[in-house]
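Take a look at the structure set out below.
The values are calculated or read from the model by the stated rules, or taken from the named source; none is laboratory data. Because the structure is a prediction, the values reported are computed rather than measured. Backbone-built Cβ (ideal geometry, glycine too); neighbour counts: all protein chains shown. Heavy atoms of the whole protein, side chains included, go into the accessibility calculation; ligands, DNA and RNA do not. Shrake-Rupley method; radii C 1.70, N 1.55, O 1.52, S 1.80 Å.
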Amino acid sequence: MKRKIFAALLAVMMVVSMLPLSVMAAETQTYRIKYVAGDGECVYTGTEYSHKDNWIMITYTYGEEQALYDGAGFEHEGYTLTDWVIDKTEYEPGETVKQTFTSTKNGLVTATPVWTPNTYTIKYNAGEGEYTGSLPNSKPEWLQLKNAYTYDSAVTLYDGENFERTGYALTGWEIGGTEYDLGETVEKNFTKVQSGTVQAYAVWTPITYTIKYNAGEGEYTGSLPNSKPEWLQLKNAYTYDSAVTL
């Protein structure tokens with residue numbers, strides 16, 4: 001009897017050993033996504049994923065919910081990684097998806113980055129003057145144009161409207177040691193930081209004025225310009241906040 005049982009078990013074992021693995025147990029199938037840097041670069045230094053200076057490769061399991069790479073270690077000066085494009089569809093970095101991008105065993109899918117230029121703020125400081133307008137994000141001491149400027153795009157500086165100071169005219173803005181005209185368009189990136197703030201300082205120039213010397217019952221007999229027998233004008237010869245010699 002024991003011999004018959006043993007023989008039966010042996011026969012079953014032989015049949016099982018001949019079955020393909022897919023029948024014995026479901027085979028785990030994986031594929032890879034290669035995240036490329038595009039115009040940026042990959043500075044990832046970890047050991048969890050295979051990588052080079054322009055890509056990271058991550059292995060995923062077929063049919064399982066999984067998170068796309070969050071973009072850490074990808075850089076592009078003045079730009080932010082805002083999406084991955086896979087098969088013409090955009091996904092957010094770190095987004096969890098229940099989607100298999102290929103059915104090919106150990107297949108390779110490429111994810112390309114969407115690099116969005118950073119925006120930044122310029123804060124126009126009134127210095128010894130004041131801002132008297134009503135634009136948002138302002139105080140008498142300053143006006144901020146929040147995120148109004150974009151990396152790699154021309155910058156048109158504020159024209160100075162409603163900045164006032166008694167006896168002075170606003171003639172420019174000083175940014176980083178360089179003076180720019182009011183309303184000037186500049187091909188320059190003032191910062192690469194997303195939502196960064198750049199400081200612009202008012203350049204106040206004292207006004208000049210004229211004194212008209214009237215002869216009254218006498219007359220002016222000289223030859224200076226801007227004169228008649230009845231008077232002499234010294235045009236714009238005097239400067240606000242400076243001593244006057246009559």
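Considering the options TYR131, GLN29, TYR151, tell which one lies farthest towards the positive end of the dipole of the chain, charges being +1 on Lys and Arg and -1 on Asp and Glu at the Cβ, about the Cα centre. Projecting each Cα onto the dipole axis, the largest value belongs to GLN29. Under 11 Å from a label point set 7 Å out along the Cα-to-Cβ vector of TRP231, the amide N atoms of the range 174-216 belong to 211-216. On full extension, the segment bounded by TYR49 and THR185 gains 44.5 nm, given 0.36 nm per residue less the C-alpha separation.
Here the range 117-246 exposes an accessible surface that is 45 percent carbon and sulfur, computed with a 1.4 Å probe and the other protein chains kept in place.
When the alpha carbon coordinates of the range 192-240 are projected onto the principal axes, the ranges are 69, 17, 10 Å, largest first.
Dipole magnitude of the chain about its Cα centre, charges +1 at Lys/Arg Cβ and -1 at Asp/Glu Cβ only, in debye to the nearest 20? Mind showing how you got there, number by number?
Numbers: 18 positive and 31 negative charges, 363 e Å.
Its charge dipole is roughly 1740 debye.
Applying the Karplus relation 6.51 cos²θ - 1.76 cosθ + 1.60 with θ = phi - 60° to the range 174-184 yields 3J(HN,Hα) values of 9, 10, x, x, 10, 8, 10, 6, 4, x, 5 Hz, where x marks Gly and Pro. The P(r) of the range 134-199 has a tail past 15 Å containing 57 percent of all C-alpha pairs. Within a straight-line Cα-Cα reach of under 17 Å, LYS228 can be paired with the following lysines, leaving aside sequence neighbours fewer than 8 residues apart in one chain: LYS212.
Given charges of +1 on the Cβ of Lys and Arg and -1 on the Cβ of Asp and Glu, with all other atoms neutral, how large is the dipole of the range 100-176 about its Cα centre, in debye to the nearest 20?
On the way: 5 positive and 8 negative charges, 121 e Å.
Using only the charged Cβ atoms, the result is roughly 580 debye.
Protection proxy ranking of 118-125, 182-189, by the mean of other Cβ atoms within 10 Å over each peptide's residues and highest first, is 118-125, 182-189. Leaving out same-chain residues fewer than 8 places away, which aspartates and glutamates sit with a Cα under 19 Å from that of LYS88? The qualifying aspartates and glutamates are ASP39, ASP70. These residues, TYR79, TYR209, go from largest to smallest accessible area, 1.4 Å probe, as TYR209, TYR79. Estimated at 0.36 nm per residue, the fully extended path between GLU90 and SER153 surpasses their Cα-Cα distance by 20.2 nm.
Under 11 Å from the Cβ of TYR201, count the other residues' Cβ atoms, weight Lys and Arg +1, Asp and Glu -1, and hand me the total.
Counting the neighbours of TYR201, the net charge comes to -2.
Given LYS34/LYS98; LYS123/LYS192; LYS146/LYS188; LYS34/LYS188; LYS123/LYS188, which pairs have Cα atoms separated by over 24 Å? Pairs exceeding 24 Å: LYS34/LYS188.
Need one number: convex hull volume per residue for the chain, Cα atoms only, in Å³. Could the numbers behind the result be given before it?
Details: hull volume 51.6 nm³, N = 246.
So the per-residue Cα hull volume is 210 Å³.
Full extension of the chain segment joining ASN214 with ARG32 gains 56.4 nm, where the gain is 0.36 nm per residue of separation less the Cα-Cα distance.
Taking the square roots of 5 times each eigenvalue of the Cα gyration tensor of the range 100-231, largest first, gives ellipsoid semi-axes of 57, 16, 10 Å.
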